[in-house]
Amino acid sequence: MAIIETEAPLHEAHRDNHTHRDVNGGWLRPAVFGAMDGLVSNLALMTGVAGGAASQQTIVLSGMAGLAAGAFSMAAGEYISVASQRELVEAELDVERRELRKHPKDEEAELAALYEARGVEPRLAREVARQLSRDPEQALEIHAREELGIDPGDLPSPTVAAVSSFGSFALGALLPVLPFLLGAAALWPAVLLALAGLFLCGAVVAKVTARSWWYSGLRQLALGGAAAGVTYALGTLFGTAVG
């Protein structure tokens, strides 16, 4: 009795402590990358326009136009992409559902073969496949996971994808414009705020990667800064040529 009482708490403690990070990224990954996309693209757009010696009004107008155009483009692209993916998955599920209805024994044997290929003893694999195939919906879910690698009950929502992409992109794209909206007359406050935002986004991305937060933050800052520097140089070059 004493052994059971001492081992059970250890088992519970191990189960509580044995956790993993969300390797798929959940909502964090698309949200952070959408914000970074808005930051980099709008910062680069505004520095390019500023490099051409444009007026403050033109820079702000370019930033707001870039925010609106990019956010709507991201939302539309995400909606079409996720909707198309979902429709393809649903079509494949319909195929699998028809096969289960027309050829239940063949599908059961196919499922047993999958388990055998993974090392399950043949007789046990056949029995497991037989029991799992008794419920058509459960059989469909298992076949979808084993053959297609998808979960029929966890399909992505096109609307959620579009709204989250719109919001995260718009939030990121707003940072370079914000100093001007608050009364700044020079470009450097916008650049500093945008670079700080890029570092923060990179640091947050480290939550779903194996990199340290400072490495991820500095990497994103360097890439965004390089994009802004290149577009500023191009703006200066073409602004001089046009002028």
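The values are calculated or read from the model by the stated rules, or taken from the named source; none is laboratory data. Quick caveat, the model's predicted, so the values are computed rather than measured. Using ideal geometry, Cβ is built from the backbone for each residue, glycine included, and neighbour counts are taken over all protein chains shown. Ligands, DNA and RNA are stripped out before the accessible areas are found, and what is left, the full protein with its side chains, is counted by its heavy atoms. Shrake-Rupley method; radii C 1.70, N 1.55, O 1.52, S 1.80 Å.
Working note: 222 nm ellipticity from helices only, DSSP H runs with n ≥ 4, each -39,500 (n - 2.57), summed and divided by the residues of the chain, gives -27500 deg cm²/dmol to the nearest 500. Phi angles across the range 112-120 convert, under the Karplus curve 6.51 cos²θ - 1.76 cosθ + 1.60 with θ = phi - 60°, into 3J(HN,Hα) values of 4, 5, 5, 5, 4, 5, 8, x, 6 Hz, Gly and Pro given as x. Using a probe of 1.4 Å, the accessible surface attributed to Lys207 totals some 130 Å² when neighbouring protein chains are kept in position.
Label sites at Ala76 and Ala53, each approximated as a point 7 angstrom past Cα along Cα to Cβ, lie 3.6 nm apart. On full extension, the segment bounded by Arg118 and Trp213 gains 30.4 nm, given 0.36 nm per residue less the C-alpha separation. Centroid-to-centroid, using Cα positions, the range 121-185 and the range 42-71 are 35 Å apart. Counting only protein heavy atoms and a 1.4 Å probe, the chain has 61 square angstrom of accessible area per residue. For Ala54, no residue has an amide H sitting under 5 Å from its own, ignoring neighbours fewer than 5 places away on the same chain, with H placed 1.01 Å from N.
Please report the carbon-and-sulfur percent of the accessible area for the chain; probe 1.4 Å, protein heavy atoms only, DNA, RNA and ligands left out.
On the way: 9490 of 14940 Å².
Answer for the chain is 64 percent, counting heavy atoms of protein chains only.
For the chain, the longest principal axis of the alpha carbon atoms and the long axis of helix 2-17 meet at an angle near 40°.
Dipole size in debye (nearest 20) for the chain around its Cα centre, Lys and Arg Cβ +1, Asp and Glu Cβ -1?
Working: 18 positive and 27 negative charges, 231 e Å.
Dipole size: approximately 1120 debye.
Among Arg97, Arg211, the order of accessible area from largest down is Arg211, Arg97, computed with a 1.4 Å probe on protein heavy atoms. Normalised by the number of residues in the chain, the average gap of Cα pairs under 8 Å and 6 or more apart makes the relative contact order 37 percent. Shown in residue order for the range 75-88 are the 3J(HN,Hα) couplings computed by the Karplus curve 6.51 cos²θ - 1.76 cosθ + 1.60 at θ = phi - 60°: 5, 5, x, 5, 4, 5, 5, 5, 5, 5, 4, 5, 5, 5 Hz (x for Gly and Pro).
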